[in-house]
Amino acid sequence: MRKNIVAGNWKMNNDLSQTERLITDLKKQSKTSNAEVMIAPSFTNLWHAFEATRLDDIEVVAQNMHFAENGAYTGEVNASMLKSIGVKTVILGHSERRAYFNETDESLAKKVDAALAHDMRIIFCFGEELADRKAGNEETIVGSQIKNALFHLEASAFKNIVLAYEPVWAIGTGETASPEQAQDMHAFIRQTLQTKYGNDVADAMTILYGGSVKPANAKEIFSKPDVDGGLIGGAALKAEDFYAIVNAF
Ligand code: PEP
């Protein structure tokens, strides 16, 4: 079934005491919507966050992982390590990882395979750059990102995948895609899935929007029929703002 999800990507923010404080604040908020709530702290704080939210309606997810089973990959973390501390979901393909850490559709396809082999759920991110949108190429870019990283999968794999459309020009810039731009792209994404995998996969797919979602614009964006939730950066660092977005459903 298609779910509503609001996931907070903390990026490289919050040390241990800041993590403790933000989680304490998050736990004081009340949830009035049916959205699933996720937070993605840094690797060093995942275990604490997992323990601190054990009894709460908040899932702790990772921001990244390596595709290898183990070995000589200094500084990396694999799926077994995440699973061993209770983390069952991983964000893959965030535009910052593509831009600053050279992640490509091909390396992401390997990460997708590794996460699925460990029965993890994936929030798979993609989106066009400003120049692509200005040139009218946004659907071509988004279509190829999805196809290159995901279309080798069987239809059954998609029950463990959530898609996150994040136009790069809207991430951390204060500039948001209009609700209509988000809806048009989400409809295109669903159509792309439908063409390859049929109605069941397309209808059941949860597609998040990410890019400067705030309490002030969340309701309008989430009101669009093909927008099933949000991946939230800056506004996820303040408990009140984050829950205002969660409760925008
Ligand atoms: C993100 O990093 O996924 C994101 C959407 O960031 P922001 O909400 O700050 O634009």
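Among the criteria (1) within 18 Å of the chain's Cα centre (by Cα); (2) under 19 Å from I141 (Cβ atoms), the one I232 does not fulfil is (2). Checking the range 18-38 against the condition returns no match, with no residue being over 29 Å from A248 (Cβ atoms) and outside any strand (DSSP E or B). A single member of A49, A99 is within 14 Å of the ligand (Cβ to nearest atom) and part of a helix (DSSP H, G or I), and it is A99. A count restricted to the range 178-193 and to residues that are within 16 Å of the ligand (Cβ to nearest atom) and either surrounded by fewer than 21 Cβ atoms within 10 Å (Cβ to Cβ) or aromatic (F, W, Y) (or both) stands at 3.
The residue pairs whose first member lies in the range 159-181 and is in contact (Cβ under 8 Å) with a residue 60 or more places away in the chain and part of a loop (DSSP other than H, G, I, E, B), whose second member is crowded, with 16+ Cβ neighbours inside 10 Å and acidic (D, E), and whose beta carbons are closer than 9 Å, counting only pairs six or more residues apart or on different chains, are I171/E96; G172/E96. Take A99 and tell me if it is small (G, A, S), closer than 21 Å to G8 by Cβ, out of contact with any helix residue (DSSP H, G or I) (no Cβ under 7 Å at 6 or more places or on another chain) and surrounded by fewer than 19 Cβ atoms within 10 Å (Cβ to Cβ). The answer is yes for A99.
Every listed requirement among (1) modelled with pLDDT of 95 or more; (2) more than 16 Å from the ligand (Cβ to nearest atom); (3) under 25 Å from A218 (Cα atoms); (4) surrounded by fewer than 14 Cβ atoms within 10 Å (Cβ to Cβ) is met by V60 save one, (4). For beta carbons closer than 9 Å, sequence separation of 6+ or different chains, a first residue in the range 93-107 that is over 15 Å from W169 (Cα atoms) and of a type in the set (F, W, Y) and a second that is more than 12 Å from the ligand (Cβ to nearest atom) and at pLDDT 95 or above, the qualifying pairs are F101/N64.
Only residues that are among the aliphatic types (A, V, I, L, M) and either buried (at least 21 other Cβ atoms within 10 Å of the Cβ) or part of a loop (DSSP other than H, G, I, E, B) (or both) were counted across the range 194-234, and they come to 9. Scanning the range 210-249 for residues that are polar (S, T, N, Q) and within 8 Å of the ligand (Cβ to nearest atom) gives a single hit, S212.
Close contacts from the range 209-225, counting a first residue that is of a type in the set (D, E) and a second that is more than 11 Å from the ligand (Cβ to nearest atom), with Cβ to Cβ under 8 Å and a gap of 6+ residues or different chains, come to E220/P179. Do you know which residues across the range 1-46 are small (G, A, S) and within 15 Å of the ligand (Cβ to nearest atom)? Answer for the range 1-46, where residues must be small (G, A, S) and within 15 Å of the ligand (Cβ to nearest atom): A7, G8, A40, S42.
For the range 81-96, taking the residues that are more than 16 Å from the chain's Cα centre (by Cα) and under 20 Å from G8 (Cβ atoms), the one that is nearest to the ligand (Cβ to nearest atom) is identified as L82. Candidates in the range 119-135 are the residues that are acidic (D, E) and more than 16 Å from the ligand (Cβ to nearest atom); of these, the one that is farthest from H94 (Cα to Cα) is D119. Against the conditions (1) at pLDDT below 95; (2) within 16 Å of the ligand (Cβ to nearest atom), L108 satisfies every one except (1). Residues in the range 52-92 that are under 23 Å from V168 (Cα atoms) and not in a loop (DSSP other than H, G, I, E, B): A62, T89, V90, I91, L92.
The values are calculated or read from the model by the stated rules, or taken from the named source; none is laboratory data. Everything numeric here is computed off the predicted structure, so don't read it as measured data. Glycine also receives a Cβ, built like all others from the backbone with ideal geometry; neighbour counts cover every protein chain displayed.
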